[in-house]
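Heads up, the thing below is written out as structure tokens.
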Amino acid sequence: MKRNLIFVAILLLLTSYNAFSQKYSFGAKFSPMVSWSVPVNTTNFDYQNDKLKFGIGFGPSLKINMSKNFNTDIGVMFTWQGTRFDQINTIDTLPALSYKFDTKIQYLQIPINFEGKIDLSNDFALSLDFGIIPAINLSSTADVTDNLANNAVVDSDLNIPTSIFNLFLSAGAGVVYRISDDVCLSSIILYNNGIFDVWYDKNSDPYIKQLDMKNHYISMNIGVHIDF
């Protein structure tokens, strides 16, 4: 019993030492991105993505350095992103219909990434990143144009029924440059795969009653972090 207590005491001491010996890095990230949608056809309509759409994001970031070459990055990021897609009527008995939706979605994201580094030199390292990004929808609007009427705008800044919550799976790679002993500059390219349907089906919506659509984006996270 006494030996067990001594073992537990030593284990707690080592755990406490490791916890307090961890280094932290605080900084900020700026993230240009390109987004697109993957809509699913329904009985009455065909949907298709229409090119990429540019967006941006920024926010603070805290890195917990678990070891020299591995850390956990937790942050908060405000993003402005969206997609473009077309809606085409497929029922011959109804008048022809073709609308383009240019969506604008603002998210509050909480990225949780795990970063492994491979040293290339004293100042440069290759970074391999993966993680998850829970996202809360802050606003969703769309501009609607009629493709059959010379792209005439039929609705502007229309509130669209998107899901309140989304989740992205993230993976990518980049480089980290140590500017000084305590300051690092990083540039990471990430593919972010949305796994939830972003469109909330609503019978009262004037254009789309039912739709299954997932959003994806590629981002370049440019960050500066200071060790403390």
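For the range 49-69, the set of residues classified as part of a strand (DSSP E or B) and modelled with pLDDT of 95 or more consists of Asn49, Lys53, Phe54, Gly55, Ile56, Gly57, Phe58, Gly59, Pro60, Ser61, Leu62, Lys63, listed by residue number.
Annotation: of all residues in the range 164-206 being open to solvent by less than 40 Å² (accessible area, probe 1.4 Å) and outside any strand (DSSP E or B), the one that is modelled with the lowest pLDDT is Asp205.
Residues in the range 45-57 that are under 20 Å from Ile110 (Cα atoms) and buried (at least 16 other Cβ atoms within 10 Å of the Cβ): Gly55, Gly57.
When the range 140-155 is examined, which residues are found to be surrounded by 13 or more Cβ atoms within 10 Å (Cβ to Cβ) and in a strand (DSSP E or B)? Selection gives Ser140, Thr141, Ala142, Asp143, Val144, Thr145, Asp146, Val154, Asp155. Taking (1) modelled with pLDDT of 95 or more; (2) closer than 29 Å to Leu211 by Cα in turn, Asn89 satisfies each apart from (1).
The values are calculated or read from the model by the stated rules, or taken from the named source; none is laboratory data. Since the structure is predicted, the reported quantities are computational estimates derived from the model, not experimental observations. We place every Cβ from the backbone using ideal geometry, glycine too, and count neighbours over all the protein chains shown. Accessible surface areas use protein heavy atoms only, side chains included; no ligands, DNA or RNA. Shrake-Rupley method; radii C 1.70, N 1.55, O 1.52, S 1.80 Å.
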